[in-house]
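Reading through the structure tokens given below for one structure.
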Amino acid sequence: MLKMIGVLSLVFGVGLGCTQQLPRGEIRSLRTIGKPIPNSGEFTFDAENMVDGNLTTSWQTSTPHDSGVLVEFNNPVNLVKLRIANGFQFMNHPRFGNLLEKNSRVRGMALAMEVKDSDGSISTVTKEIELRDRTEAGYDDVALEQNNVLRIAFKPLSIYPGSKWADLAISEVIFFKK
Ligand SMILES: [Ca+2]
């Protein structure tokens, strides 16, 4: 029965040009732009933490106005939207407590998408987004509707400051494609 549902959803998904989550395997690389934060005890802050499906790991930077993340795809992707878990959504750390509130969250962010045009040339499309602040864990959707994206860079423009640490965090970014 499950198999049949899977086949049907595949058929309808393709038929309707349905949006689907980009598999991790279609991301070639992620890296921090600017100065990375060294690991600290149990915590790591690599860009890979943004796509590991775990809200209690995050990418972080100590220099939000001079830093970011560059994501490169294996092939051009028709991006429909992003789903962002803003801040460090480790809500009840046994030692440090509410890390969402204590670390900074993204307010404004610039997106720069490298796009492969139909004639094979490469151009850059930029977009600025603003995220609401969060007091609870969860995701915010950002519409993109940009085809043939080879790479996308995230560069914070402004923050909601953390109550204890200035470090800016993003727990997860999920890419949706059509
Ligand atoms: Ca994560």
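Throughout, read-outs are computed from the coordinates displayed, never taken from laboratory work. Keep in mind that what you see is a predicted model, and the values were worked out from it rather than measured. Please note: Cβ atoms are built from the backbone with ideal geometry, for glycine as well, and neighbour counts cover all protein chains shown.
Quick look at the numbers
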{"read-out": "Every residue from the range 56-67 that is out of contact with any helix residue (DSSP H, G or I) (no Cβ under 7 Å at 6 or more places or on another chain), surrounded by 17 or more Cβ atoms within 10 Å (Cβ to Cβ) and more than 13 Å from ARG105 (Cα to Cα)", "value": "SER67"}
{"read-out": "From PHE96, PHE73, PHE90, residue being buried (at least 18 other Cβ atoms within 10 Å of the Cβ), farther than 17 Å from GLU130 by Cα and away from the ligand (no atom under 13 Å from the Cβ)", "value": "PHE73"}
{"read-out": "Count of residues meeting criterion [surrounded by fewer than 17 Cβ atoms within 10 Å (Cβ to Cβ) and either within 24 Å of PRO94 (Cα to Cα) or within 12 Å of the ligand (Cβ to nearest atom) (or both)] in the range 30-42", "value": "5"}
{"read-out": "Evaluation of ALA110 against (1) among the aliphatic types (A, V, I, L, M); (2) surrounded by 15 or more Cβ atoms within 10 Å (Cβ to Cβ); (3) closer than 21 Å to ASP66 by Cβ; (4) touching an Asp or Glu at 6+ places or on another chain (Cβ under 9 Å) (one fails), failing number", "value": "(2)"}
{"read-out": "Of all residues in the range 47-70 being of a type in the set (Asp, Glu) and within 16 Å of the ligand (Cβ to nearest atom), the one that is farthest from GLU172 (Cα to Cα)", "value": "GLU48"}
{"read-out": "Residue within the range 44-61 that is outside any strand (DSSP E or B), among the acidic types (Asp, Glu) and touching a strand residue (DSSP E or B) at 6+ places or on another chain (Cβ under 6 Å) present", "value": "yes"}
{"read-out": "Every pair of residues 6+ apart whose Cβ atoms lie under 8 Å, when the first sits in the range 31-47 and is on the phi < 0 side of the Ramachandran plot while the second is assigned to a loop (DSSP other than H, G, I, E, B) and among the β-branched types (Val, Ile, Thr)", "value": "LYS35/THR63; THR44/THR57; PHE45/ILE37"}
